[in-house]
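A short worksheet on the structure shown next.
The values are calculated or read from the model by the stated rules, or taken from the named source; none is laboratory data. This structure is a prediction, so every number in the text was calculated from the model and none was measured. Counting neighbours? That spans all protein chains shown, and the Cβs are built from the backbone with ideal geometry, glycine included. These accessible areas exclude ligands, DNA and RNA; they are computed on the full protein's heavy atoms, side chains included. Shrake-Rupley method; radii C 1.70, N 1.55, O 1.52, S 1.80 Å.
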Number of protein chains: 2
Amino acid sequence: MGRSNMAVNLVVPDTLLPVRGVHLSVAEAGIKKADRKDVLVIRLDKGNTVAGVFTQNRFCAAPVQICKAHLDAGVQIRALVINTGNANAGTGEDGRSRALSVCRALAAELDCQIEQILPFSTGVILEPLPADKILAALPVRREAGWKEAAEAIMTTDTLPKAVSRQVLLDGETATITGIAKGAGMIHPNMATMLGFIATDAPITRPVLNQLVREVADVSFNCISVDGDTSTNDSFILMSTGAAATPLIDSSEHPAYAILKAALTGVAIELAQAIVRDGEGATKFITVKVEGGRSVAECKAVAYAIARSPLVKTAFFASDPNLGRLLCAIGYSEMSDLDVDRLELYLDDVLVACDGGRHPAYREEDGQRVMRQDEITVRVVLNRGVAEATVWTCDFSYEYVKINADYRS
Amino acid sequence: MGRSNMAVNLVVPDTLLPVRGVHLSVAEAGIKKADRKDVLVIRLDKGNTVAGVFTQNRFCAAPVQICKAHLDAGVQIRALVINTGNANAGTGEDGRSRALSVCRALAAELDCQIEQILPFSTGVILEPLPADKILAALPVRREAGWKEAAEAIMTTDTLPKAVSRQVLLDGETATITGIAKGAGMIHPNMATMLGFIATDAPITRPVLNQLVREVADVSFNCISVDGDTSTNDSFILMSTGAAATPLIDSSEHPAYAILKAALTGVAIELAQAIVRDGEGATKFITVKVEGGRSVAECKAVAYAIARSPLVKTAFFASDPNLGRLLCAIGYSEMSDLDVDRLELYLDDVLVACDGGRHPAYREEDGQRVMRQDEITVRVVLNRGVAEATVWTCDFSYEYVKINADYRS
């Protein structure tokens, strides 16, 4: 797809920790292009628990429909199979049938039920999944590391995205490693975001179900405009239980908060990596809204800024055209906003208050901040104590180029 | 701003009809650039009625606040004064004071009250209005025609937008002429749209108030994503009463429907002109959603398509990447959409039904339609009889260029 490497301060992880009980393998199935890793299989040892959150898009892809059904079936998951190059979305009954054929082949290989396999796809929508190519690439025997796994799920990503962390729980070490893909996050409601985080800490399924939602809400859902609304977005949390750490069977368990903080840290770093690698991105923007009455209203204001094409082109141009920020705040979904009470900051520079530009604001100060490649927009609503943070990137020629050329 | 002329099939009107009772004059005040018509004054003879609809943005500009107050004051309007080059938005109390100083000067010139003047501004947000330059350009004595008036309110528009029409009411001729400006309509909730339509047909104020809303709902509000949400959007309907046509004092009056149809035709043509001149536009897209249970749900689906950057870049590339259309439909605000029941057409080509691609769909048919510069996307929901139409354009490199360079 000819993307130049434009990711904003995104570094390739050098050390990724294996997670006991997780086995990775990759293949080149030639789904869309030859000589490209495009299939990843994640096998899990017995005794694991798995939970997920999925797109709310009503044209949700065939693999998403199947994942939900298989997780609901209550059987233990044995493997995840992920392909790039084709989203298997907008493909109706035939798409479900093709995704199930991949699950069936992998289940046969692993000698398990079809419901124990979770399928994932990302790529072009509305085209039939070339399941035969994936079947021909199975069984996938060669063991791979997490970095190779992260590479195998890339589409327009310029770099693989992976993070590892370790945490002590009751004196024992638990390991967390996660990978993600996604780069269309300039308008994230259209992009396919896949995230997979594994830990060897034992966690019961109900607790894992709670964790996956809580973690997503402050990470992957903060780079998304209105929830997970692409056809294929999926975020999966896996616990193999192979570590000697105590079983976390309740959110009241002392280890819960510690593990949650570590998982959240990994998820936020992966989510931010998606933004840093945003299609055409040249800047990484943090939008923080404080002093609201609820997290929801803070998010509404933050999203209005984060998705405004005029704001984003101004960031691209390093142009402190800050009226565009006020305009976006003004049309956010927060219906009773009092514009005279809010304050707007660019990093440490107070730009606007009392309904207009701050008297001491100088264009050169705004210009200085706008030239940076990492910028924080801070809005103080001055009406409560809630806050929310959303991450986004700027909007460049390259974005149009990437998306105009995507299928060619 | 260096825009190349890219408007899609937009022709400059050659014959524009004067409206009795309306007097136009333009000036070069040098607000943002020298040697450019940037002030328009529309004077109305006594006996007129005026009504308007305005942006819902809570950072609404100072002139919008004043327009609303002056229209609510119930006095007869004597003149409208419109400047480009500065939006006088996000300017707080000082902005209101500067807008009022312009009204005061014009009121003194016309020997009327300040409340009888309506001010309008469009341009950069968050910068103080150079009211002194406008005051220096007043009084504006040179009479201008409608085409010159349309030119005087242009910002990034490549062509003036004006339409005339005549209609027989009870055997007498009424004339309608309207002008509009706006070109940022790729994401119209951020753009400033100004529209002014005058007729010499006599209409009472209550009826005019109803008309302005009904006309806006099927014209200017159909190129807008979520209502009139920029800081400055305004649409004004003026009746001078100078024609010999019957006074329309009720929506039951036989002439009401005829005049409304003519006004709506003018408004739709102006609204479409804004889209045709959309920043960076190379294609004019009509999105028609039929078979819904309500107009609101049809509009929700149409807007989801019309604002999707991925859909719009695909149109720019003439790429029938139609999965992006299904994806946009899937994340529209219509919560109980049954994707298996809807049909998706590109002009006459049936693309998708039964939740996936139509078996007889051929890429070459989609490609043929996508290459056109005027394309209709039609979605049939098959669950009711309501319908809605929205107009939009594609999304090109040029859009980013225009908006990155806007202030330079």
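Among B:180, B:128, B:99, flag the residue with its Cα farthest along the positive direction of the charge dipole of region B:22-276, charges on Cβ as +1 for Lys/Arg and -1 for Asp/Glu.
Comparing the listed Cα positions along the dipole, B:128 ranks first.
Relative to the other copies, what are the label-point distances for residue B:371, with labels 7 Å from Cα along the C-beta vector, expressed in nm at one decimal and sorted shortest first?
Label-point separations across copies, in nm and ascending: 4.8.
Please list, in chain and number order, the residues 5+ apart from residue A:144 or on another chain whose amide H is under 5 Å from its amide H, with Hs placed from the backbone.
Sorted by chain and number, the residues that satisfy this are A:24, A:25, A:26.
Can you compute the charge dipole magnitude of the protein assembly as shown about its Cα centre, using +1 on each Lys and Arg Cβ and -1 on each Asp and Glu Cβ, nothing else charged? Give it in debye, rounded to the nearest 20.
Taking the Cα centre of the protein assembly as shown as origin, the dipole is about 660 debye.
Among B:382, B:221, B:209, which one shows the highest mean-square fluctuation when chain B is modelled as a Gaussian network with alpha-carbon springs under 10 Å?
Residue with maximal mean-square fluctuation among B:382, B:221, B:209: B:382.
Once you order the gyration tensor axes a ≥ b ≥ c over the Cα atoms, which shape class does region B:284-404 get: rounded for a/c under 1.5, otherwise prolate or oblate by comparing a/b with b/c?
oblate
Which lysines, on any chain, are close to residue A:133 with Cα under 22 Å apart, when same-chain ones fewer than 8 places away are left out?
By straight Cα distance, residue A:133 reaches A:32, A:33, A:37, A:181.
How about residue A:147: which aspartates and glutamates have a C-alpha closer than 16 Å to its C-alpha, ignoring those fewer than 8 places off in the same chain?
Within the straight-line cut-off, residue A:147 pairs with A:14, A:28, A:38, A:157, A:269.
With the full set of protein chains in place, find how many percent of the accessible area of region A:253-328 is carbon and sulfur; take the probe as 1.4 Å.
The computed percentage sits at 62.
Give the accessible area for residue A:38 in Å² (nearest 10); use a 1.4 Å probe, count only protein heavy atoms, and leave out ligands, DNA and RNA.
About 0 Å², rounded to the nearest 10.
Over region B:22-276, give the accessible area per residue in Å² for a 1.4 Å probe, as an integer.
31
Test of understanding: in a Gaussian network model of chain B with alpha carbons linked when under 10 Å, which of B:97, B:121, B:239 would top the mean-square fluctuation ranking?
Comparing B:97, B:121, B:239 in the GNM, the peak value goes to B:97.
Based on DSSP H runs of at least 4 residues, each adding -39500 (n - 2.57), what is the mean residue ellipticity at 222 nm of chain A after dividing by all its residues, to the nearest 500 deg cm²/dmol?
After summing the helix terms and dividing by the residues of chain A, the value is -9500 deg cm²/dmol.
Taking a probe of 1.4 Å and counting only protein heavy atoms, give the total accessible area buried between chains A and B in Å², rounded to the nearest 100.
So the total buried area for this chain pair works out to about 5000 Å².
Taking the Cα centre of region A:284-404 as origin, work out the dipole magnitude from +1 charges on Lys and Arg Cβ and -1 charges on Asp and Glu Cβ, in debye rounded to 20.
So the dipole magnitude of region A:284-404 works out to roughly 240 debye.
Quick check: the distance between the Cα centres of region A:380-395 and region A:2-71, to the nearest angstrom?
Using only Cα atoms, the two centres lie 30 Å from each other.
Size of the dipole of chain B about the Cα centre, Lys and Arg at +1 and Asp and Glu at -1 on the beta carbon, nothing else charged, in debye to 20? Display every interim value, and only then the final one.
On the way: 41 positive and 50 negative charges, 166 e Å.
The dipole of chain B has a size of about 800 debye.
Note the angle between two axes, namely the Cα long axis of helix A:295-306 and the longest principal axis of the Cα atoms of chain A, as a number of degrees from 0 to 90, rounded to the nearest 10.
Once rounded, one gets 80 degrees.
Considering only DSSP beta bridges with both partners in the protein assembly as shown, what is the antiparallel share in %, to the nearest 5?
On the way: 104 of 144 bridges.
Antiparallel bridges make up about 70 percent of those DSSP assigns within the protein assembly as shown.
State the Cα centre-to-centre distance between region B:94-118 and region A:254-306 in whole Å.
Their Cα centres are 47 Å away from one another.
When Lys and Arg each count +1 and Asp and Glu each count -1, what net charge do the other residues less than 10 Å away from residue A:372, Cβ to Cβ, add up to?
Every neighbour counted, the sum reads 0.
Which residues of region A:100-132 end up with at least 30 Å² less accessible area in the presence of all protein chains than when their chain stands alone, using a 1.4 Å probe?
Flagged in region A:100-132: A:125, A:126.
With a 10 Å cut-off between alpha carbons and a GNM built on chain B, which of B:237, B:350, B:263 moves the most?
Judging by the Gaussian network model, the answer is B:350.
How about region B:63-141: which trypsin sites (Lys or Arg not before Pro) there are in a DSSP loop, with at most 16 other Cβ atoms within 10 Å of their Cβ?
B:141
Say the dipole of region A:284-404 comes from +1 at the beta carbon of Lys and Arg and -1 at that of Asp and Glu; which of A:381, A:309, A:367 then lies farthest toward its positive end?
A:309
By the gyration tensor of its Cα atoms, with a ≥ b ≥ c the square roots of the eigenvalues, what is the shape of the protein assembly as shown: rounded for a/c under 1.5, prolate for a/b over b/c, or oblate?
prolate
Pull out a ≥ b ≥ c, the square roots of the eigenvalues of the alpha-carbon gyration tensor of region A:198-330, then state rounded if a/c is under 1.5, prolate if not and a/b is larger than b/c, and oblate in the remaining case.
Values: a/c = 2.89, a/b = 2.18, b/c = 1.32.
The shape class here is prolate.
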